[in-house]
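Trainee: So that we are looking at the same thing, I have put the structure below in structure tokens.
The values are calculated or read from the model by the stated rules, or taken from the named source; none is laboratory data. A quick note: this is a predicted structure, and the numbers were derived from the prediction, not measured. Positions of Cβ are backbone-derived with ideal geometry, glycine not excepted, and every protein chain shown enters the neighbour counts.
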Amino acid sequence: MKKIIVIGAGLIGASIAWELSRRGREVTVIDAGLPAGLASGRSFGWINASFALNEAHFALRVVGMAAHQRLAARVPGLHRTCGCLWWEESGAAFDATATRLAAAGYPLERLDRAGGRARAPALKTPPDEALFFPTEGWVDPAALTHALLAASGARVLSGVTAQLWVQAGRVSGVETPLGRIAADQVVIAAGVAAPGLLAPLGMTLPMLHRPGLMIRTAPVGLRLAHILAAPEQEIRQDDQGRLLAPAAAFHQSDDGGDLSDPLGQAQATLGRIGAMLGLTGLRPEAVCQAERPVPGDGLPVVGPVAEGLWLAVLHSGVTLSAIVAEGLAGEMTGQGVLAELAPFRAERLIRPM
Ligand SMILES: Cc1cc2nc3c(=O)[nH]c(=O)nc-3n(C[C@H](O)[C@H](O)[C@H](O)COP(=O)(O)OP(=O)(O)OC[C@H]3O[C@@H](n4cnc5c(N)ncnc54)[C@H](O)[C@@H]3O)c2cc1C
């Protein structure tokens with residue numbers, strides 16, 4: 001049986017491990033920390049295609065949402081297709097987004113103030129106009145990571161840092177403090193650590209610096225039926241009634257702002273949420289800081305980088321985890337390149353040192 005090592009037990013590594021196991025490969029997943037210990041454990045978890053950087057990115061996100069539906073049927077109980085009420089933009093920008101998405105056939109309803117109030121009665125000031133995206137939703141990325149690792153049957157080594165083991169120009173496995181582990185193929189799914197793993201091969205992968213902050217409250221006494229994406233704040237509620245929110249609006253594209261005072265920022269975020277929902281005395285139950293893995297042009301990097309070596313580094317990794325795993329595992333096992341992943345090959349960004 002072909003042996004594969006996946007470096008990184010975040011959502012991307014766990015998803016790839018699961019897809020490879022389903023295709024009959026023997027998989028070992030190695031993580032320097034704990035599964036979902038970095039970005040995947042500190043993420044908003046919104047699955048959507050209403051945000052996209054270009055047409056190819058939109059197309060990938062759309063098939064990414066469909067891949068999550070397939071995944072939800074196979075690994076049930078974790079996905080929540082609750083819909084999203086969106087009004088992050090207004091005026092001409094709002095109209096342009098509504099027109100673009102409708103023309104692309106993206107499911108949406110255009111709502112006036114009464115329609116927004118009906119969708120989110122908890123809002124103190126409903127928006128004058130909003131879009132409702134019924135097919136969007138969320139998944140807890142940490143819970144999904146653990147579920148996929150368990151379902152894959154992969155061997156998981158935690159607290160073990162891996163480096164590539166290169167012999168005669170080919171990646172032969174990994175070097176770890178536990179010793180060398182041989183493999184037929186190695187996948188780098190190490191998030192922001194990917195450039196460091198590639199460096200000994202003489203390759204550079206530029207990355208953007210995109211720190212983020214996630215805040216979680218204790219359970220609150222109101223129920224949000226949908227994700228709320230307002231100009232001042234994005235919010236969702238988990239099954240226990242806790243509110244989750246990134247510290248800045250536009251979490252998909254923001255730079256995280258000044259993170260020198262995380263607790264101050266968390267408090268400001270809770271102030272905005274309190275004003276939106278009429279809640280007083282909100283306290284953070286958890287404040288988590290993480291670096292988003294964002295390649296230099298903001299777009300995913302997925303595919304082969306050398307003989308025996310594969311790479312998957314991306315932001316919006318929750319939306320895209322299932323399709324990236326399907327596509328990469330398919331290609332690794334001889335199925336060819338998934339059309340929607342073709343614009344995101346590694347060679348556009350990776351350069352010799
Ligand atoms: C605040 C925030 C909000 C976000 N919101 C959303 C959202 O709403 N929707 C969305 O789609 N995406 C969102 N994202 C992005 C998404 O969470 C990430 O794209 C995704 O989690 C990346 O997963 P990953 O497995 O690639 O990386 P990570 O989860 O960072 O996992 C990488 C793993 O590799 C391990 N590792 C690194 N180097 C080594 C080594 N040498 N040896 C062994 N192990 C190693 C690390 O320990 C780590 O566990 C958000 C991210 C943040 C930070």
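Trainee: Could you name every one of the strands (runs of 3 or more DSSP E) located completely within the range 256-346 that has at least 3 residues being modelled with pLDDT under 95?
Mentor: Answer list for the range 256-346: 284-291.
Trainee: Given the options Glu307, Glu326, name the one that is buried (at least 21 other Cβ atoms within 10 Å of the Cβ) and away from the ligand (no atom under 15 Å from the Cβ).
Mentor: Only one candidate qualifies: Glu326.
Trainee: Going by the structure shown, is Arg223 over 23 Å from the mean Cα position of the chain (by Cα) and closer than 30 Å to Leu263 by Cα?
Mentor: In short, yes.
Trainee: Answer yes or no: is there a residue in the range 199-206 that is under 30 Å from Ala266 (Cβ atoms) and either touching a residue at least 60 places away in the same chain (Cβ under 8 Å) or more than 17 Å from the chain's Cα centre (by Cα) (or both).
Mentor: Scanning the range 199-206 turns up no residue that is under 30 Å from Ala266 (Cβ atoms) and either touching a residue at least 60 places away in the same chain (Cβ under 8 Å) or more than 17 Å from the chain's Cα centre (by Cα) (or both).
Trainee: A follow-up question, please. Let me confirm something: among Gly8, Gly33, Gly64, which residue is within 9 Å of the ligand (Cβ to nearest atom), assigned by TED's automatic domain parsing to the domain that holds Val301 and either under 18 Å from the mean Cα position of the chain (by Cα) or polar (S, T, N, Q) (or both)?
Mentor: Criteria check complete, one pass: Gly8.
Trainee: Still on this structure: Take the residues in the range 123-144 that are of a type in the set (D, E, K, R) and assigned to a loop (DSSP other than H, G, I, E, B); name whichever of them is surrounded by the most Cβ atoms within 10 Å (Cβ to Cβ).
Mentor: Glu136
Trainee: Hey, another quick one. Of the numbered conditions (1) outside the structural domain of Gly330 (by TED's automatic domain parsing); (2) among the aliphatic types (A, V, I, L, M); (3) closer than 21 Å to Glu307 by Cβ, Ala49 satisfies every one except a single condition; which is it?
Mentor: (3)
Trainee: In this structure, is Ser43 near the ligand (Cβ under 6 Å from one of its atoms) and not acidic (Asp, Glu)?
Mentor: Yes.
Trainee: Suppose we filter the range 73-99 for residues that are acidic (Asp, Glu) and closer than 30 Å to Asp140 by Cβ; how many remain?
Mentor: Adding up the residues that qualify gives 2.
Trainee: Residue check: is Arg113 assigned by TED's automatic domain parsing to the domain that holds Gly221 and among the basic types (Lys, Arg)?
Mentor: The answer is yes for Arg113.
Trainee: Are there any pairs with C-beta distances below 7 angstrom linking a residue in the range 66-78 that is closer than 18 Å to Gly153 by Cα to a residue that is surrounded by fewer than 18 Cβ atoms within 10 Å (Cβ to Cβ), with the two at least 6 apart or on different chains, and if so which?
Mentor: Partner pairs satisfying both residue conditions: Val75/Ala151.
Trainee: How many residues does the range 177-209 contain that are more than 8 Å from the ligand (Cβ to nearest atom) and either in a strand (DSSP E or B) or over 12 Å from Leu309 (Cβ atoms) (or both)?
Mentor: 20
Trainee: So Leu213 ticks every box in (1) out of contact with any Lys or Arg (no Cβ under 8 Å at 6 or more places or on another chain); (2) not in a strand (DSSP E or B) but one. Which box is left unticked?
Mentor: (2)
Trainee: Out of Ser152, Ser158, Ser172, which single residue is touching a Pro at 6+ places or on another chain (Cβ under 7 Å) and among the hydroxyl-bearing types (Ser, Thr, Tyr)?
Mentor: Result: Ser158 is the single residue among Ser152, Ser158, Ser172 that is touching a Pro at 6+ places or on another chain (Cβ under 7 Å) and among the hydroxyl-bearing types (Ser, Thr, Tyr).
Trainee: Please count how many residues of the range 306-338 are small (Gly, Ala, Ser) and under 21 Å from the mean Cα position of the chain (by Cα).
Mentor: Summing the residues that are small (Gly, Ala, Ser) and under 21 Å from the mean Cα position of the chain (by Cα) in the range 306-338 gives 9.
Trainee: Can I ask one more? Only residues that are of a type in the set (Asp, Glu) and in contact with a Phe, Trp or Tyr (Cβ under 6 Å, 6 or more places away or on another chain): list them for the range 122-136, please.
Mentor: Passing the criteria: none in range.
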